[in-house]
1. Name the residue from Thr23, Val45, Thr98 whose Cα lies farthest towards the positive end of the charge dipole of the stretch 2-122, charges +1 on Cβ of Lys and Arg and -1 on Cβ of Asp and Glu.
2. Can you tell me what percent of all Cα-Cα pairs in the chain are more than 27 Å apart?
3. Karplus couplings for the stretch 143-150 from phi (6.51 cos²θ - 1.76 cosθ + 1.60, θ = phi - 60°), rounded to Hz, Gly and Pro as x?
4. How much FRET efficiency would the formula 1/(1 + (r/R0)^6) give for Ala115 and Arg183, where r is the Cβ-Cβ distance and R0 is 35 Å, rounded to 0.05?
5. Length gain on complete extension for the stretch Ala26 to Glu64, per 0.36 nm per residue less the alpha carbon to alpha carbon distance?
6. Relative to the longest principal Cα axis of the chain, at what angle does helix 49-58 sit, 0 to 90 degrees, rounded to 10?
7. Scan the stretch 166-260 for GluC sites (Glu not before Pro) in coil per DSSP, keeping those whose Cβ has at most 13 other Cβ atoms within 10 Å, and list them by number.
8. Please state the charge dipole magnitude for the chain, taken about the Cα centre, from unit charges on C-beta atoms (+1 on K and R, -1 on D and E), reported in debye and rounded to the nearest 20.
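The values are calculated or read from the model by the stated rules, or taken from the named source; none is laboratory data. Please read these numbers as outputs of a predicted model, since none were measured by experiment. Backbone-built Cβ (ideal geometry, glycine too); neighbour counts: all protein chains shown. For the accessible areas, the whole protein counts, side chains as well, though only heavy atoms, and no ligand, DNA or RNA atoms are used. Shrake-Rupley method; radii C 1.70, N 1.55, O 1.52, S 1.80 Å.
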Amino acid sequence: MPAASHAELERLIADDIPYGDLTTDALGIGAAVGMMQFTARDPMVLALVEDAAAIIEIAGCGVELFASSGCILEPGAPILTAHGPAAGLLRSWKVAQTLIEIWSGVATDARAIVATATAVAPDISVACTRKNTPGTKRFAVAAVRAGGAMMHRLGLSETVLVFPEHRTFLGDELLEETVARLRRAAPEKKLVIEVNTMETAIVAASAGFDVIQAEKFTPTEIVDLVARVASTARPRPIIAAAGGIHAGNVAAYAQVGADVVVTSSPYLARPRDVQVRIGPSLTDR
């Protein structure tokens, strides 16, 4: 099932072809029956292929899928084949291709982080932040999930996460008072706080926060934090390591006791290359 709605996908096409396809129209080839094939050129974790297929169908063509989002593809693996009028194939071509390439890059990077983390800590969770390009959240969420990770926050409306930037407006309010206030205002929600010092982390754990998000702590500091909160807070809060975590260093955080690693790294991933072949179908030759 596509991540985006029919209307959202239509807008993607309209953005690329607002006033018709000048080249195809000028050549007079729009009615010719054609075929389009998508093939993986890079190793990849496939993402958003269902949305790409829906875009091609919106353009008036039929699509056969050979893989679904979350599949691991090797170079040369078929992704989809489409049949229909050349106008529809050429209209949907780049939008569909680019959607798969960009978000498969995100899924591939997310899968690499998950695989590296769980290799040393099988129960650890990898959570991707909401720091994706504004306006692309549906695609970002789908790609992160295709890569086997989870979303850290879908937005400001669903999670209570107290940043230092919030606390600057609270004056001298103690963290115990902040917790009590939040429990009254949002009794069904877990309470999360971001901290950037060990001292604040220990106080927050004792105050009753459910999750301590340790921002830019080193792995050594995470070891110390896990040990200290285990002896000072009951129940022990979840420890989430955040800030600058990627596939190259996630193992170091996973093996020192963090329950969750929080990352934005997949959103900066290199797109994965998809080869596209377009031409007349056999029935039109």
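1. Farthest towards the positive pole: Val45.
2. 50
3. For the stretch 143-150, the Karplus-derived couplings read 5, 4, 5, 4, x, x, 9, 10 Hz, x marking Gly and Pro.
4. The computed FRET efficiency comes out at 0.40.
5. Result: 10.7 nm gained on full extension.
6. 40
7. Answer by residue number: Glu173, Glu188.
8. Its charge dipole is roughly 260 debye.
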